[in-house]
1. Restricting to Cα pairs below 8 Å that are 6+ residues apart, what does the relative contact order work out to for the stretch 1-132? Please round to a whole percent.
2. Ignoring ligands, DNA and RNA, what percent of the 1.4 Å accessible area of the stretch 1-123 is carbon and sulfur?
3. Counting only protein chains, not ligands or nucleic acids, how are Arg122, Arg101 ordered by accessible area (probe 1.4 Å), most first?
4. Using a 1.4 Å probe on the protein chains only, how many percent of the accessible area of the stretch 227-313 belongs to carbon and sulfur?
5. Viscosity 0.692 mPa s, temperature 37 °C: give me the Stokes-Einstein translational D for the chain in µm²/s, with Rh taken as the Kirkwood radius over C-alpha pairs.
6. Assuming R0 = 25 Å, can you tell me the calculated FRET efficiency for the pair His108 and Asp154, based on Cβ-Cβ distance, to the nearest 0.05?
7. With a 1.4 Å probe and every protein chain left in place, work out the accessible area per residue of the chain in Å², rounded to a whole number.
8. Taking 8 Å as the Cα distance limit and 6 or more residues as the minimum spacing, I'd like the relative contact order of the chain as a percentage.
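The values are calculated or read from the model by the stated rules, or taken from the named source; none is laboratory data. Remember, predicted model here, so these are calculated numbers, not experimental data. Counting neighbours? That spans all protein chains shown, and the Cβs are built from the backbone with ideal geometry, glycine included. Heavy atoms of the whole protein, side chains included, go into the accessibility calculation; ligands, DNA and RNA do not. Shrake-Rupley method; radii C 1.70, N 1.55, O 1.52, S 1.80 Å.
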Amino acid sequence: MTDPLGFLFGAHVESLDPAFTRLCLKNAHLERLWQGGRWTEGPVYFGDGRYLLFSDIPNDRIMRYDEASGQTAEFRNPSRNANGQTRDRQGRLVTCEHGGRRVTRTEHDGRIRVLADRHEGRRLNSPNDVVVASDGGIWFTDPTYGIDSDYEGDAARSEIGGSHVYRIDPASGVVEIVADDFVKPNGLAFSADERLLYVSDTGATHEPKGPRHIRRFAVDGKRLSGGEVFSVCDRGLYDGFRIDVNGNIWASAADGVHCLAPDGALIGKILVPETVSNVAFGGPKRNRLYITGTTSLYATYLAVSGLSYFGPG
């Protein structure tokens, strides 16, 4: 038996600081827009078409939610176990594929182009999440979740021998390791000025006392420095996340979406009845927070907008 779609009435906001209360709308509700996935991930908003794409990894498909009609249908099946997705500066879809063990770009005419599937001749593990910088550089994480079993990809050994963060050079296409001290790098996002890069580490999935935090790096072109722990998750793991125009981070967790102030303090939560994997800002004013939570797609309106540097819309 599935839970009903529509508004989930009742308290869905847990405010821990007055600053969070100001980011929320008193008359907004959490809404379940679609249900039927096994593990939903990778939401990316297309404002020019008023739709959202998101991944249903174990079911090997990308779904498309139409904002105008409220209907959800398959966009791509099979998807090679697509996971994290974003748009580049030309509005093209960039996708991490667990099953394909690669990062791809969907051209405007629908052709799929492989951007990265190897590093120094060895196959990548299973690219997980991706962002595109203003210079065209594509940054992605590569843990082993897609090769750990046949559930989200195809079971295989790691040819790389580690889980790293990479950058694809926009001119040469060279794939370079930019951070190699992670257990399982996962979600990532730039600050508005791209001087900072935030990367989550979900290594607790593989190590009993492994990391469940977000780290913060200083960015100098294609080089990273620093990497201090920015925030530790108090419920489950920080997976995917996005940043609003005020610099707050909205991060997925076991009990919903955690809102972290620019200094890393947890100031509030959007409570969701399933484990959350990722979020994306959408809507004409980018003030609608789309939430992928295990089997479902959720959304709520906020009193703040998300950054719009992920491409048109």
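1. 15 percent.
2. Heavy-atom surface of the stretch 1-123 belonging to carbon and sulfur, 1.4 Å probe: 46 percent.
3. Sorted by accessible area, descending: Arg122, Arg101.
4. 56
5. 172
6. So, using R0 = 25 Å, E works out to roughly 0.25.
7. Computed with neighbouring chains in place, this is 40 Å² per residue.
8. Once divided by the residue count of the chain, the mean separation gives 18 percent.
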